[in-house]
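The block underneath contains the structure these notes are about, expressed in structure tokens.
The values are calculated or read from the model by the stated rules, or taken from the named source; none is laboratory data. What you see is a predicted model, and the numbers here were worked out from it, not measured in a lab. Every residue, glycine among them, receives a Cβ derived from its backbone with ideal geometry; neighbour counts consider all protein chains shown.
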Amino acid sequence: MRYCIHCGSGVSLTVPAGDSLPRHVCTACGHIHYENPRLVVGCVVEHEEQILLCRRAIEPQLGFWTLPAGFMENGETTTQAACRETLEEAGAQIIVDAPFAMISIAHINQVHLFYRGRLATPAYSAGEESLEVELFREKDIPWQALSFRSVTLCLERYLNDRKSGHYSFHEAALLPPAAQYR
């Protein structure tokens, strides 16, 4: 960041009084520009023991499969974000059952929150950000072609819970790819 969003003057990276982290602070008006993690919200959507996946039509991970999910918008709840993203990416109306997994990915400043849900009707179709949308039985999930580690982790937990007949809320943190082998 080089310029203040309020007055257009230059900013400097400094620790403001009463804070403990460096922030971009306007050299003219003193506005502190806070940068916080972004929330990605999605849903594990099930229909007749099948999981709804979308094949990405955009980068990152173009052509890979993912759960319907995306960045939460201002002015919406997390449940609304999960429903909106599922409608946008998979053309599907859903019934949200419960929060299911929260995955912190600090090295990219994101938190991924996934709900459990069901199709409200058996209708779905590829949205603008999806090449195709498909329901997969557990044995047919394209594990090697999943887009993100958070999606793989969420699906593994979901299928384990489904087998046990008891769904829990899961919390995890993902390390940078290189750090996981240390």
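Assorted remarks:
- Residues in segment 109-120 that are closer than 16 Å to T66 by Cβ and within 12 Å of the chain's Cα centre (by Cα): Q110, H112, L113, F114, Y115.
- Checking each residue in segment 128-137 for being touching a helix residue (DSSP H, G or I) at 6+ places or on another chain (Cβ under 6 Å) and either outside any loop (DSSP other than H, G, I, E, B) or farther than 20 Å from A69 by Cα (or both) picks out S130, V133.
- Meets criteria (buried (at least 23 other Cβ atoms within 10 Å of the Cβ) and either farther than 19 Å from F148 by Cβ or in contact with an Asp or Glu (Cβ under 8 Å, 6 or more places away or on another chain) (or both)) for A92: yes
- From V11, V45, residue being closer than 30 Å to L131 by Cα and in contact with a strand residue (DSSP E or B) (Cβ under 9 Å, 6 or more places away or on another chain): V45
- Selection within segment 3-36 - β-branched (V, I, T) and part of a strand (DSSP E or B): V11, T14, V25, I32
- Sub-9 Å Cβ pairs linking a first residue in segment 48-64 that is at positive phi to a second residue that is part of a loop (DSSP other than H, G, I, E, B), at least 6 apart or interchain, are E48/P122; E49/R137; Q61/S147; Q61/F148; G63/A57; G63/S147, ordered by first then second residue.
- Against the test of being touching a residue at least 12 places away in the same chain (Cβ under 8 Å) and either more than 20 Å from A172 (Cβ to Cβ) or among the aliphatic types (A, V, I, L, M) (or both), the options G75, G91 yield a single qualifying residue, G91.
- Test: residue in segment 37-44 that is free of Cβ contacts under 8 Å to residues at least 24 places away in the same chain and in a loop (DSSP other than H, G, I, E, B): no
Residues are listed down the side, and each one gets a yes or a no for (1) assigned to a strand (DSSP E or B); (2) at pLDDT below 95; (3) in contact with a His (Cβ under 6 Å, 6 or more places away or on another chain); (4) not charged (D, E, K, R):
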residue: T79; (1), (2), (3), (4): no, no, no, yes
residue: A92; (1), (2), (3), (4): no, no, no, yes
residue: D97; (1), (2), (3), (4): yes, no, no, no
residue: H112; (1), (2), (3), (4): yes, no, no, yes
residue: G117; (1), (2), (3), (4): yes, no, no, yes
residue: A123; (1), (2), (3), (4): no, no, no, yes
residue: A126; (1), (2), (3), (4): no, no, no, yes
residue: S150; (1), (2), (3), (4): no, no, yes, yes
residue: N160; (1), (2), (3), (4): no, no, no, yes
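- Of the residues S125, S168, S150, the single one that is at negative phi and buried (at least 20 other Cβ atoms within 10 Å of the Cβ) is S150.
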